[in-house]
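Notes for the one structure printed next.
None of the figures in this text is laboratory data; all of them are computed from the coordinates on show. Worth saying up front: this structure is predicted, and the values here are computed from it rather than measured. Neighbour counts run over all protein chains shown; Cβ positions are idealised from the backbone, glycine included.
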RNA sequence: GGCGACGUCGCCAAGUGGCAAGGCAAGGGUCUGCAAAACCCUCAUCAUGGGUUCAAAUCCCAUCGUCGCCUCCA
């Protein structure tokens, strides 16, 4: 039984879907007006892992991720650049799709956009007005009436009165109540806009997700996800809108990932402490970012710095060490560590599932995998054959695959291999003659060029590093 | 100021009532011409102070500290 932490109840709960075997999952994507950063990557990775694991456990997952492509910031940026807002957002949508591919994140089942959901957004707002949960203001805005929603504040565990105490909300005379939020914003002169019953305008920030959810997944979904900075107001407002519109429970489970920390602070566009995904990938392998996420707990803040990244990279190397071929020395297929492999495979799978079932405890799952890596390496050292190693290595591939790790060996540029082999051959001759200085020079120089040489008992092996 | 989450070895981190996983780093060893890799060994009583319990890192209270949200935000 899978258990997951539900922000709504602040507890771990047994996972049960509305329809047997099918998971409807909606994850808030990005507002596309700039390069996405590694914090966005974290969120997408977290829910990619959730999806992959649910699929591993036999569910079919309908995974929807939206693009918010109509928004103040997009309009501002487009104005600065002197291009149409949708041209700007389309560029960044294409970029983000590429980022996700590069990060080995499975494509969502659907990726709706605000600009393409306008009729449904408008009819959604009309429905709320009809039911008395929203009202048009004199200036052409439409607001949601928070005081009409008894449950308002349930997700973020706060009361309307408490929030007003914060008093950072601008009092707008257009609103009946300071906490009321915009469903529809009247267009300013020259701004991109759509025709509506309330005049030219565009959607407020939260309504798009409610509408796209309804379009893509229906009235009730199983998992709604996103960063924990979205809990309030975004998700709170989504719940309010959707549940007031349908009269039904919206999402059964709410999952929120913690924030990525850079220098002890949340990485965010407004703080400016950003490392873009593109920039990251120019320096490190995608697996490193994923490993960093896996090593932590998705709900907790993630420490992102050179030290933790190095640790993640080394951890990957360690897992890969188990995938190397059998040692070339004499085999001993009957060693205890070799004959024990099948049982250990069984153990690691069980431990993996047990950890992952418990609210996607990836750090615990990795612990099990690392234990098995050691067991596999011990078997190799003891003389296991490739045929004996194969099932163990397949197990590692299977489990790390569920986590979305590629574990690709680095490769050179095609023809390099034969020249490297030649150098290794020459070096073997040199070593026979005990010309150690020359031998070490070749090894050191190759190392500088990204080729690691290791002298084993029965010969020398090399790999790109 | 209000609300929420959290504080486990040098770093990252699992564990939520029964003698503290794992990774990185560090030290010692096997192997090696020397290395590297792999393997073996060593390395924490869980922010602080109270309380509940036969038993607490795990439950309760207080204090200190960190982070997030309350304004755009994954």
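Which number do you get for Rg(Cα) / (2.2 N^0.38 Å) in segment A:86-152?
Working: Rg = 17.6 Å, N = 67, 2.2 N^0.38 = 10.9 Å.
Against the empirical 2.2 N^0.38 Å value, I get 1.62 for segment A:86-152.
How would you rank A:257-269, A:433-445, highest first, on the average number of other Cβ atoms within 10 Å across their residues?
Details: A:257-269: 17.8, A:433-445: 12.7.
Top to bottom by mean Cβ count within 10 Å: A:257-269, A:433-445.
In units of 2.2 N^0.38 Å, what is the alpha-carbon radius of gyration of segment A:177-322? Intermediate values should be presented prior to the final figure.
Details: Rg = 20.2 Å, N = 146, 2.2 N^0.38 = 14.6 Å.
Normalised by 2.2 N^0.38 Å, the Cα Rg of segment A:177-322 equals 1.38.
Per-residue ellipticity at 222 nm for chain A, helices alone: DSSP H runs ≥ 4 residues times -39500 (n - 2.57), over residue total, nearest 500 deg cm²/dmol?
Result for chain A, helices only: -14500 deg cm²/dmol.
Note down the relative contact order for chain A as a percent, whole number, built from C-alpha pairs under 8 angstrom at least six residues apart.
Working: 689 pairs, mean separation 73.9, N = 465.
Contact order relative to length: 16 percent.
For segment A:3-278, compute the orientation-averaged projected area of the C-alpha convex hull (one quarter of its surface), in nm². Present the calculation step by step, with values, prior to reporting the outcome.
Working: hull surface 59.4 nm².
That works out to 14.8 nm², a quarter of the Cα hull's surface.
Distance between the C-alpha centers of segment A:321-355 and segment A:84-107? Whole Å please.
Their Cα centres are 41 Å away from one another.
For segment A:3-278, what's the relative contact order in percent, using C-alpha pairs closer than 8 Å and at least 6 residues apart?
24 percent
What percentages make up the Cα-Cα pair-distance distribution of segment A:306-402 when the bins are 10 Å wide from 0?
Per 10 Å bin, starting at 0, the Cα pair percentages come out as 17, 46, 29, 8, 0.
Would you please give the FRET efficiency between residue A:16 and residue A:159, computed as 1/(1 + (r/R0)^6) with r the Cβ-Cβ distance and R0 = 45 Å, to the nearest 0.05?
That pair, residue A:16 with residue A:159, gives E of 0.90.
If N is the number of residues in chain A, what value comes out of its Cα radius of gyration divided by 2.2 N^0.38 Å?
1.19
Percent of Cα-Cα pairs more than 26 Å apart in segment A:25-158, please.
42 percent
Counting just the Cα atoms, what span does segment A:1-57 cover along each of its three principal axes? Round to the nearest Å and put the largest first.
Ordered largest first, segment A:1-57 gives principal extents of 39, 25, 16 Å.
Suppose we keep just the alpha-carbon trace of segment A:416-464; what are its Rg and Dmax in angstrom?
10.0, 27
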